[in-house]
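The values are calculated or read from the model by the stated rules, or taken from the named source; none is laboratory data. It should be emphasised that the depicted structure is a prediction, and the values quoted were computed from it without experimental measurement. Glycine gets a Cβ as well: all are built from the backbone with ideal geometry, and neighbour counts include every protein chain shown. We work out accessible area using only protein heavy atoms, side chains counted, and drop any ligands, DNA or RNA first. Shrake-Rupley method; radii C 1.70, N 1.55, O 1.52, S 1.80 Å.
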Amino acid sequence: VPLVQIRDVTKVYPPSTRGGEPVRAIDGVDLDIEEGDVYGIIGYSGAGKSTLVRLINALEPATSGSIVVDGTDITTLPERDLRKLRLGIGMIFQQFNLFSSRTVRGNIAYPLQVAGRPKAEIRARVTELLDFVGLADKARNYPDQLSGGQKQRVGIARALATSPRILLADEATSALDPETTQEVLELLRTVNRDLGVTIVVITHEMDVVQSLATKVAVMEHGRVIESGDVFDVFSNP
Ligand code: ADP
Ligand code: ADP
């Protein structure tokens, strides 16, 4: 059974103006993401990539179809259970989305505090994560004192705090220079290889998919127009 199984999923947004057309952001998508995959979702702006990721994370409901995550159909789950589900899914963002008023340590601790973990456990876990992302010496700094690459490493540590099985990366390297992008991609490889975390990377950058992902889905106008092993999809016969 795939870790994430998406079947005939559609997401329609209501028209933004009266008399406007509804937007079919996702239009009949099928996708299987296996445990351990690094799955790239590529496509131009407006293709539906972010919407698909928000559906996987149950940040908004699908209009129709089913999304099974780790054996549970999340499209029929009550909010209480969705909160538990989200603890098993980490997310990182293009603009990092760090809390500017919290230190590096405070940012990484946040999901554990929300989950109500005991203080001593949080302290130990955060220290472990700081070492893992190589930011032990920045624990007491604030986000605006960090470089872009360091901020994204904090984002990754925070996303991993609750030991999720899935990490969703939404244009996670798009705000970074090429060298820093390579650093962050290397860290994501380590997350996948050493921690066994399944990674879904959304990007419009072909080279990010080619250097990181093992599988890829190409999206256009809310549809998956091609999917499979990166090598097969990108080899021109
Ligand atoms: P991508 O991530 O590939 O750039 P999106 O998922 O952000 O694409 O958007 C897909 C389509 O859905 C676009 O036409 C976008 O304008 C529309 N869309 C996305 N979010 C909303 C929303 N909250 N309300 C209305 N339309 C939206
Ligand atoms: P905030 O200002 O949002 O509370 P902090 O960084 O001050 O963020 O603290 C966040 C969490 O990290 C708290 O649970 C706190 O107990 C813990 N913490 C902060 N600094 C340290 C530290 N030097 N060693 C261990 N735990 C710390």
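Here are the numbers for the structure shown:
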{"quantity": "Within the stretch 156-204, tally of residues that are assigned to a helix (DSSP H, G or I), more than 25 Å from LEU31 (Cβ to Cβ) and in contact (Cβ under 8 Å) with a residue 60 or more places away in the chain", "calculated": "1"}
{"quantity": "Qualifying positions in the stretch 187-213 - more than 16 Å from ligand 1 (Cβ to nearest atom), within 16 Å of the chain's Cα centre (by Cα) and open to solvent by 50 Å² or more (accessible area, probe 1.4 Å)", "calculated": "ARG189, LEU195"}
{"quantity": "Subset of the stretch 40-50 (residues that are in a strand (DSSP E or B) and open to solvent by 10 Å² or more (accessible area, probe 1.4 Å))", "calculated": "ILE42"}
{"quantity": "Residue satisfying all of: in the stretch 119-140; part of a loop (DSSP other than H, G, I, E, B) and more than 10 Å from ligand 2 (Cβ to nearest atom); most open to solvent (accessible area, probe 1.4 Å) among these", "calculated": "GLY134"}
{"quantity": "Unmet requirement for SER66, which otherwise passes all of (1) surrounded by 15 or more Cβ atoms within 10 Å (Cβ to Cβ); (2) in a strand (DSSP E or B); (3) more than 16 Å from ligand 1 (Cβ to nearest atom)", "calculated": "(1)"}
{"quantity": "Search result, residues across the stretch 11-38 that are more than 12 Å from ligand 1 (Cβ to nearest atom), modelled with pLDDT of 95 or more, open to solvent by 10 Å² or more (accessible area, probe 1.4 Å) and not acidic (Asp, Glu)", "calculated": "GLY28, GLY36"}
